[in-house]
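Down below is the structure, laid out as structure tokens.
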Amino acid sequence: LGALPDGLGAFQSLTQIFCAGNQISQWPVAMCNLVNLTEIEINGNDLKTLPDQFGKLQALEKLNLANNKL
């Protein structure tokens with residue numbers, strides 16, 4: 001998987017995202033509107049930065065960004 005589709009930002013009740021071990025290089029800004037996310041596993045990708053809007057994900061309890069290029 002090379003990218004997360006912006007359309008995922010429409011799933012407002014989404015609580016978990018597991019995308020470890022892919023080639024994702026950016027977190028879509030639209031995904032920062034998923035305020036119900038409690039867990040993100042996006043380790044082992046090619047992330048270099050996160051958008052400023054990432055801070056809107058205030059319900060997060062678990063976040064794994066290990067093995068990226070941050």
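Scanning the stretch 44-70 for residues being of a type in the set (S, T, N, Q), more than 14 Å from M31 (Cα to Cα) and not in a loop (DSSP other than H, G, I, E, B) gives a total of 1. Within the stretch 39-70, track down each residue that is in contact with a Leu (Cβ under 8 Å, 6 or more places away or on another chain) and closer than 22 Å to L1 by Cα. Result: E39, I40, I42, N43, L47, K48, T49, L50, L65, N68, K69, L70. Scanning the stretch 1-37 for residues that are surrounded by 15 or more Cβ atoms within 10 Å (Cβ to Cβ), β-branched (V, I, T) and in a loop (DSSP other than H, G, I, E, B) returns a single hit, I24.
Which members of the stretch 18-51 meet the condition of being touching a strand residue (DSSP E or B) at 6+ places or on another chain (Cβ under 9 Å) and over 19 Å from K69 (Cα atoms)? Scanning the stretch 18-51 gives M31, L34, L37, T38, E39.
The numbers here are math on the coordinates, done by the rules we state, and not lab data. In this text the structure is predicted, and so the values were computed from the model without any measurement. Don't worry about glycine lacking a Cβ; one is built from the backbone with ideal geometry, like all the others, and counts go over all protein chains shown.
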